[in-house]
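Asks: Dumping the structure here so I can ask a few things about it.
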Amino acid sequence: MIQQALQDKFDAFTIPDELKKAGVYPYFRPIQVNNDTEVVIDGKHLLMFGSNSYMGLTNHPKVKEAATKALEQYGSCCSGSRFLNGTSRLHIELEEALADYTGKEACLVFTTGFQANLGTVSAFTGRSGVIIMDEYNHASIYEGSRLSFSKVLKYSHNDMADLERLLKTIPEATVKMIVFDGIFSMEGDIANLPEICALANKYQALVMCDDAHAVGVIGDCGRGTASHFGLTNDVDIIMGTFSKSLASVGGYIASTKDAINYLKHTSRPMIFSASIPPSGVAAAMAALEIIRSEPERQERLWQNTHYVSKSLTELGFDINTSETPIIPIYIRDNQLTFQFCQRLFEEGIFVNPVVSPAVPSDSSLIRLSIMATHTQEQLNICVGTIEKVAQELGVFAMK
Ligand SMILES: Cc1ncc(COP(=O)(O)O)c(C=O)c1O
């Protein structure tokens with residue numbers, strides 16, 4: 001029975017209905033056709049600028065073929081956790097390939113990136129340890145830190161003086177871990193890895209980097225943040241996900257053999273949750289092979305990114321510290337952000353609004369994601385439409 005106090009809570013939760021009444025509700029839109037850069041929603045054709053498929057591989061023939069073959073061979077899923085009956089030969093092969101790709105001794109594949117963070121951030125430091133993290137980290141890192149029972153300290157976004165201030169307060173013998181996004185998922189900037197590693201070395205801390213948005217995007221053949229800075233040996237734990245460049249669903253942790261062995265046998269989000277279906281594993285493996293063998297995709301992604309960032313900046317938009325294919329346009333007003341997204345939707349451009357509480361309300365933004373497969377024509381249409389809608393709504397050049 002739903003108690004009255006709980007019903008009152010549901011009744012007071014009116015935001016989705018208010019947005020629907022205002023005609024600007026942007027969530028849970030059912031996509032009928034998805035061709036990476038183009039989608040069909042409610043019969044309407046839109047250019048997709050809100051997807052994390054940076055490499056544009058979800059419809060690649062080799063990815064589809066690999067997934068189909070695995071589906072035929074293994075059926076629709078493993079019906080169990082990796083720990084027990086849910087590991088296929090494909091899971092192991094992908095772990096070996098990812099260990100090699102990331103330059104680490106071993107790798108463990110989880111069912112989602114969220115679970116990889118949850119099960120790893122919580123695993124090492126224990127009740128007497130300390131987790132030190134960037135304030136703009138992904139929600140899954142926040143949740144993992146809560147499950148760790150460790151003391152959690154947050155440093156101001158990418159602020160190395162603040163990080164050092166916190167490190168100085170922790171006794172030398174305490175187990176401590178610095179954890180951060182390699183590329184920040186809303187802001188699109190890159191973690192200051194050289195300084196983080198130098199501080200970790202000085203204060204004897206573990207380094208964990210979440211490369212969810214960095215895989216495929218930065219580093220040699222898309223190997224991620226550590227490779228980008230030439231610091232693979234200095235990053236102890238690399239987390240990645242298949243849900244963005246790797247055209248599938250799932251997550252992984254790459255580290256030493258000992259760290260992976262410990263996680264494998266203790267991480268509850270891995271042990272007590274069913275594994276990724278073999279078809280999903282095969283899709284990620286095929287995407288990884290394409291990324292490694294076709295570096296021109298990464299080049300194209302960066303050409304597209306530079307073109308859009310430069311065009312928007314020249315028009316006077318505020319993209320703040322973005323330096324990657326995640327390009328935020330800061331509107332700094334929740335209502336206007338919803339309106340802007342809705343107008344773009346009506347004009348055939350799909351983008352995502354990011355509003356409070358995900359970001360402070362004076363930081364609300366429209367998040368554009370660029371893909372390697374966007375054509376020049378699609379980029380021009382996107383920039384032109386953003387300019388037109390900004391003028392119409394009077395939010396142009398909000399700097
Ligand atoms: C920085 C970051 N880490 C982790 C995740 C979780 O990954 P997944 O979608 O594979 O669960 C995401 C995805 O939103 C992310 O942006």
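Asks: Can you give the net charge of the other residues whose Cβ lies under 9 Å from the Cβ of Leu163, counting K and R as +1 and D and E as -1?
Replies: Once positives and negatives cancel, what remains is -4.
Asks: In the structure displayed, which of Lys176/Lys257; Lys176/Lys202; Lys104/Lys168 lie more than 22 Å apart, Cα to Cα?
Replies: Lys104/Lys168
Asks: Over the chain, what is the percentage of antiparallel beta bridges among all DSSP beta bridges, to the nearest 5?
Replies: DSSP beta bridges in the chain are roughly 60 percent antiparallel.
Asks: Return the loop-located chymotrypsin sites (Phe, Trp or Tyr not before Pro) in the range 134-171 (DSSP other than H, G, I, E, B) with at most 14 other Cβ atoms within 10 Å of their own Cβ; answer none if there are none.
Replies: Passing sites in the range 134-171 are Phe149.
Asks: With a sphere of radius 10 Å drawn around the Cβ of Ala214, what net charge do the other residues whose Cβ falls strictly inside it have (Lys, Arg +1; Asp, Glu -1)?
Replies: -1
Asks: Oh, and also: Enumerate by residue number the chymotrypsin sites (Phe, Trp or Tyr not before Pro) in the range 252-312 meeting two conditions: DSSP loop (anything except H, G, I, E, B), and at most 13 other Cβ atoms within 10 Å of the site's Cβ.
Replies: In loop regions of the range 252-312 (DSSP not H, G, I, E or B), the sparsely surrounded chymotrypsin sites (Phe, Trp or Tyr not before Pro) are Phe272.
Asks: Also: If I model a spin label at Glu96 and Val33 as a point 7 Å from the Cα along the Cα→Cβ vector, what separation in nanometres do I get?
Replies: So the two model labels end up 4.1 nm from each other.
Asks: For an R0 of 30 angstrom, estimate the FRET efficiency from the Cβ-Cβ distance between Glu392 and Phe10 and round to the nearest 0.05.
Replies: Working: r = 36 Å, r/R0 = 1.21.
That pair, Glu392 with Phe10, gives E of 0.25.
Asks: Follow-up. Lys and Arg at +1, Asp and Glu at -1: add these up for the other residues within a Cβ distance under 13 Å of Tyr203 and post the number. Each step should come with its number before you reach the end.
Replies: Details: positive: Arg165, Lys168, Lys176, Lys202; negative: Glu164, Glu172, Glu195.
In short, +1.
Asks: Roughly what % antiparallel, to the nearest 5, for the DSSP beta bridges in the range 61-293?
Replies: Bridges in the range 61-293 are about 40 percent antiparallel.
Asks: Here's a follow-up. Of all GluC sites (Glu not before Pro) in the range 143-181, which ones are in loop regions per DSSP and have a Cβ with at most 15 other Cβ atoms within 10 Å?
Replies: Glu172
Asks: Using Cα positions and a limit of under 26 Å, work out the lysines in reach of Lys388, with same-chain residues fewer than 8 apart set aside.
Replies: Within reach: Lys20, Lys21, Lys44, Lys310, Lys399.
Asks: Just to be sure I understand the model, the point goes 7 Å from the Cα along the line to the Cβ. What's the resulting Phe83 to Asp258 distance in nm?
Replies: 2.3
Asks: Next question, about the same structure. To the nearest whole percent, what portion of all C-alpha pairs in the chain is separated by more than 28 angstrom?
Replies: Roughly 50 percent, once rounded to a whole number.
Asks: I'd like to know how the range 61-293 sits against the 2.2 N^0.38 Å rule of thumb: what's its Cα Rg over that expected value?
Replies: My calculation over the Cα atoms of the range 61-293 gives 0.98.
Asks: Then there's this: In whole Å, what is the distance between the alpha-carbon centres of the range 255-283 and the range 196-236?
Replies: So the separation of the two Cα centres works out to 21 Å.
We did not get these values from a lab; they are worked out from the coordinates using the rules stated. The model shown is predicted, which means the values in this text are computed figures rather than measured ones. Quick reminder, even Gly has a Cβ in these numbers, built from the backbone with ideal geometry, and neighbours come from all protein chains shown.
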